[in-house]
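I have placed the structure first, in the form of structure tokens, so that the comments after it can refer back to it.
Since every read-out is calculated from the coordinates, none of them should be taken as a lab result. This one's a predicted model, so the numbers in the text were calculated from it and none came from an experiment. We place every Cβ from the backbone using ideal geometry, glycine too, and count neighbours over all the protein chains shown.
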Amino acid sequence: MTEATIAVLHDVVATLVTWQLAAPAATLAAIGLPALLGRPLAERTTTRLVGAGFTAGFLAALLTLAALAARGFSAEVVHLGTLFSVGHHAATIELVADGLSVPYVCFSTGLCWLVNAFAGKYLHREPGFTRFFILLTLFGTGMNLMVLAGSIDVLFAGWEFLGISSTLLIGFFHERRNAVGAALRAFITYRLCDMGLLIAGVVVHHAVGSGDFERLFRGTWPDAVCLVDPTTALIVALLLVFAALGKSAQVPFSGWLPQAMEGPTPSSAIFYGALSIHAGAYVLLRCEAVLDAAPVAGWLLVAIGIGTALHAAVVGSVQTDLKSMLAYASMTQAGIILAEIGLGLRIVPLVHVVSHAILRSLQILRSPSALHDRHELAAALGGPPGAATFSILRLLPDRFGRCLYRIALERGFEDAAVQRFVIRPVLALLEGAQAAETRLVELAGGADAEPRRTDRDGGAT
Amino acid sequence: MTPPEAIMLGCVSLCIAAPLVAAAAVRLLGERISPRLPAATAIGVSLAAACGLAAVWHSTAGRPFLFGPRLAGGGLVHVDGLTALLLPYVAIVDLAIVLVAPRRALATAGVSRLLIGAAITMATMTTAHPAALVVLWGVSILSTWLAVRSTLGGRPAARLYGLAMTAALACMALGTALMLADPPWIGGCGSVGATGGWLVAIAVMIRKGIVPFHSWYPALFSGASLATALVVTMPQVATYTAVRLLVGHADGVATELIVVSQAALVTAAYGAALAVVQRSARGLVGTLAMSQSAMVLAGLSGTLPMELCGALAVWVSSGLALTGIGLVVWALESRAGRIPIDFLQGRFADAPALAAFFLLFGLASLGFPGTLSFVADDLIISGSLDEQLHAGILVIVATMFAGIAVIRGWFHVFGGPGTPDAPQHVILPRERVALSILLAILIGLGLYPGPFVASLERVAASLLAVREHHLPSPSPEGVPP
């Protein structure tokens, strides 16, 4: 291949990669701005626009894949510019098109398109119809940003998009108390674990002078080599693992996932069956060279992944509603995937992610029709289908099985432990501080001689 | 005086005079016209003049412009990068408040106080003369105290505010006098100058609501009208004073600055943590404002350009975003009374547009990508970690708590079962315009921050240059080189 051809291919890839980001982002603006101005688009227009955005993104990703194939899947780094710079600190918008990112964009954009098609019918005349699609396109934009990120800054930006869209979709039915509680629980977990990625970003900036992955590791995925010293690699790897635990619902941060099924079915499918739950795995795959340079972090990941898989398999086997069962099934697979990554495998977890995401999102999308499906199956078979349930508990001796059953019913006491040892003490501390503040203000300000106004406050000064 | 300097002087005069003239006009005309029109026009003129001043300053190679009597390196009229940044910011905040204010809040007395308050703030932001700063502190404290006192149910807050501000003003006046008598920035100064430095630092901490002098800050949001609370707190006059009197003379007051910055860091984390357990929307805005403004002070005490840039960016981004949240809360309160957030209020169905604005301003205040606060947080966190590890960690913890508090607040105000027969709270066009302007600035500067950050870098460089060159001369009439 001549140099001129290589240059042309680079330009083509750069344009296509930009399109993969710009298409969902433009859709977000096209449906979000009219809604903000009080004139939301009609349902059909909304779904068509969103569909067109994801289609454009998908086609751009497919074409990028073809262009990359022509170059033997060597990585193409696309520099879109510098957002801002102060002294030696520069926030660059760097994207990377390689054998990991582009197929993943094809897969994620395709799934988003399918969910858009499903949700257009499923949420017909729902009061939050436009809101759902705004959040879906926000998620799609964030997902592509995170997957194509060529620097930890861009990755963090995409990661944040995922977090907020996930939170708002869990609380989509905001009039339900459970939905609001579940959304807050998920957001608190995200926010806590996001600190890992944020600090990792700062550490990377310190270590290599920029957030670009090119300076953190070199080579084509999955054979990249880490460029930082082992200590820095260990710190960054541990922080990345911490960040991944929250998004991928791993023990001890897994309690939010079953509650997250409070959201609409299409969003549950794409978030907790397919893409969001694997965001942590993707980040670890992207930074696999750092994990390779920090075996301790890898072993920690294996331990947590296997622990979560066992926990979720046991707890999931006693769930009585379909969505909770599917949530725990997702958690089990996410745990196994993280363990695979920790073991140093690269292609296996990637295939596992894609296959699990497709299967699980199909199951979640069909879950509202499960009874209908069963009746149809029964009619076709001429009788009820046989019980084909398998439970890990049945393999154990009776006494031990019963004990484990009780533990499983309590979801492994994980929620209770987090509540007792983390949430309650922190809240008690803060409530105590607030009470002390209030007493101090009352002491210094004295009693109010006038009746406290509780009616409308015009704020007259 | 060169033509650009004459233009800058004209802009400064216009910035201050326009609200004062409008206040007088409103008083004279009484109920004959809606006070909103002259108030908005006057603040609009101030905004245009402030933008003009910023443009001229940036076109003049960033040299400070001093006019009138000078003392300790500060001119009566003192225009530099900080002024060029803050004047438009203050005018935008005031304009948004005037546009969103409910009709009954714009009674003649109320709007006059608001306009006079705006003029005082702008006058403060254009001077570095220590005596002028002390006088302006006194006038603004008195004006605010009267405003809070006249608010129904605001007496306890006024009492607390009065106590705190009396102490702050006394410390400020005495400290400034001692610093001028025995300048600590001159080598070999005695205990008098050092005491002065400490007193000014304490004054700044009280007026900023820095731990342990912070209790009046959330109380002001609970007791005063939201207009008063926002006008008083969002410009961050105490931070400005700290820059002029402490940061500018950092070599002489290094220990004081360290204490102030460490206390500010603790306040940033503590305020954000307290915001998580607030029981009212006003308490939420108050504690968040306390936390974010403390972060600005902590960042400005740093010595790295990146940290200073981050602090200046947080100053503007958090100020605009929290003003937006405060105005949404005010708009809701004017329709349905005070908003508790210890249980779900279910206001989404009644006020979907206000819910959207609350959420967007909330995201814009917590470092969401695509908003100015993302840039600000990136700079301040990286800068803080560059300088001190624990500072960076505290900033990150503060950001985490603030995020949780904002989202909790949003869900608690708008989530939950609504009242079936509740009236629809349709957003008014002037409210939509004001909130959209604030949002457009936050998102516009977030998506295309390059020129803004470059201008912040120049401001930071000028602040660091003042520090490095040890500007004040031995004589009280010292002029910066």
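What is the extension gain from A:ASP321 to A:ARG177, computed as 0.36 nm multiplied by their sequence separation minus the C-alpha to C-alpha distance, in nm to one decimal?
The A:ASP321-A:ARG177 span can extend by a further 49.9 nm.
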Cα→Cβ-extended label distance, 7 Å offset, between B:LEU29 and B:ALA181, nm: 5.0 nm
Dipole-positive endmost among A:GLY432, B:ALA321, A:VAL314 within the protein assembly as shown (Cβ charges, Cα centre): A:GLY432
Can you run phi through the Karplus equation (6.51, -1.76, 1.60; θ = phi - 60°) for region B:129-135 and list ³J(HN,Hα) in whole Hz, with x for Gly and Pro? 6, x, 5, 5, 4, 5, 5
Compactness of the protein assembly as shown as Cα Rg over 2.2 N^0.38 Å, two decimals: 0.98
Two-site label geometry, B:CYS51 and B:LEU146: point separation in nm, points 7 Å out along Cα→Cβ: 3.3 nm
Spatial extent of region B:129-468: Rg and Dmax, with the Cα atoms as the point set, Å: 20.0, 73
Any chance you could run the full-extension gain for A:GLU442 through A:ILE423? It's 0.36 nm times the residue separation minus the Cα-Cα distance, nm to one decimal. 4.0 nm
Quick one: putting +1 on the C-beta of Lys and Arg, -1 on the C-beta of Asp and Glu, what dipole do you get for region B:129-468 around its Cα centre, in Debye to the nearest 20? 1020 debye
In whole Å, what is the distance between the alpha-carbon centres of region B:443-460 and region B:288-321? 14 Å
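Determine, for B:ILE258, A:ILE341, the number of other Cβ atoms within 10 Å of each Cβ, and report the residues in order from fewest to most.
Numbers: B:ILE258 13, A:ILE341 28.
Fewest-to-most Cβ neighbours within 10 Å comes out as B:ILE258, A:ILE341.
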What does the charge count near A:THR64 come to, summing +1 for each Lys or Arg and -1 for each Asp or Glu among other residues with Cβ under 15 Å from its Cβ? -2
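May I ask you to compute the full-extension gain from B:THR195 to B:THR419, defined as 0.36 nm times their residue separation minus their alpha-carbon distance, rounded to one decimal in nm?
Working: separation 224, 0.36 × 224 = 80.64 nm, distance 5.87 nm.
Result: 74.8 nm gained on full extension.
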Report the one residue of B:LEU284, B:ILE380, B:ALA264 whose Cα lies farthest in the direction of the positive end of the charge dipole of chain B (charges on C-beta: Lys and Arg +1, Asp and Glu -1; origin at the Cα centre). B:LEU284
Once the mean 1/r over all distinct Cα pairs of region B:133-213 is inverted, what Kirkwood radius in angstroms do you read off? 13.4 Å
Signed unit charges on C-beta, dipole axis of region B:1-150, positive-most listed residue B:TYR89, B:PRO35, B:ALA118: B:PRO35
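Provide the net charge surrounding A:ALA416, with neighbours chosen by a C-beta distance below 11 Å and charges set as Lys +1, Arg +1, Asp -1, Glu -1. Numbers along the way, then the final one.
On the way: positive: A:ARG411, A:ARG420, A:ARG424; negative: A:GLU410, A:GLU414, A:ASP415.
Residues near A:ALA416 contribute 0 overall.
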Let me know the charge dipole size of region A:184-262 about its Cα centre in debye, to the nearest 20, where only the beta-carbon of Lys, Arg (+1) and Asp, Glu (-1) is charged. 180 debye
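Taking each residue in B:135-145, count the Cβ atoms of any other chain within 10 Å of its Cβ, then average. What number comes out? Intermediate results must be reported in sequence, preceding the final value.
Working: counts 0, 0, 0, 0, 0, 0, 0, 0, 1, 1, 0.
So the per-residue partner count for this stretch is 0.
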Across peptide B:378-388, what mean number of C-beta atoms from other chains lies inside 10 Å of a residue's C-beta? 4
Give the long-range amide H neighbours of A:PHE217: residues separated by 5 or more places, or on another chain, with amide H under 5 Å away, using H modelled in the peptide plane at 1.01 Å from N. A:LEU227
Mind listing the long-range amide H neighbours of A:LEU83? Cut-off is under 5 Å, sequence gap 5 or more, other chains count too, H placed in the peptide plane at 1.01 Å from N. A:ALA91, A:THR92, A:ILE93
Within region A:56-89, name every residue whose backbone N is under 13 Å away from a label modeled 7 Å from Cα of A:ASP223 along the Cβ vector. A:73-75
Which whole-Hz ³J(HN,Hα) couplings does region B:457-463 yield from phi under the Karplus relation 6.51 cos²θ - 1.76 cosθ + 1.60, θ = phi - 60°, glycine and proline marked x? 4, 5, 4, 4, 4, 5, 5
What number, rounded to the nearest 500 deg cm²/dmol, is the helix-based mean residue ellipticity at 222 nm of the protein assembly as shown, given -39500 (n - 2.57) per DSSP H run of at least four residues and division by all its residues? -23500 deg cm²/dmol
So what's the Cα pair-distance distribution over region B:1-128, bin width 5 Å, in %? 2, 12, 22, 21, 16, 11, 8, 5, 2, 0
What are the ³J(HN,Hα) couplings of region B:66-72, residue after residue, when phi is run through the Karplus curve with 6.51, -1.76, 1.60 and θ = phi - 60°? Round to Hz, x for glycine and proline. 10, 9, x, x, 10, 8, 6
Listed peptides A:8-21, A:259-272 by packing density, highest first (mean Cβ within 10 Å): A:259-272, A:8-21
Extending each Cα 7 Å along its Cβ direction at B:VAL433 and A:ASP398, get the distance between those two points in nm, one decimal. 8.0 nm
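According to the Cα gyration tensor, what semi-axes, each the square root of 5 times an eigenvalue, does the equivalent ellipsoid of region B:278-321 have, listed from largest to smallest in whole Å? Provide the component values of the computation, followed by the final result.
Details: eigenvalues 117, 19, 4 Å².
The equivalent ellipsoid of region B:278-321 has semi-axes of 24, 10, 5 Å.
How high is the FRET efficiency from A:TYR405 to A:HIS206, r the C-beta distance, R0 45 Å, rounded to 0.05?
Working: r = 50 Å, r/R0 = 1.10.
Calculated value: 0.35.
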Between B:VAL21 and A:ARG125, Cβ-based FRET efficiency (R0 60 Å, step 0.05) works out to 0.65
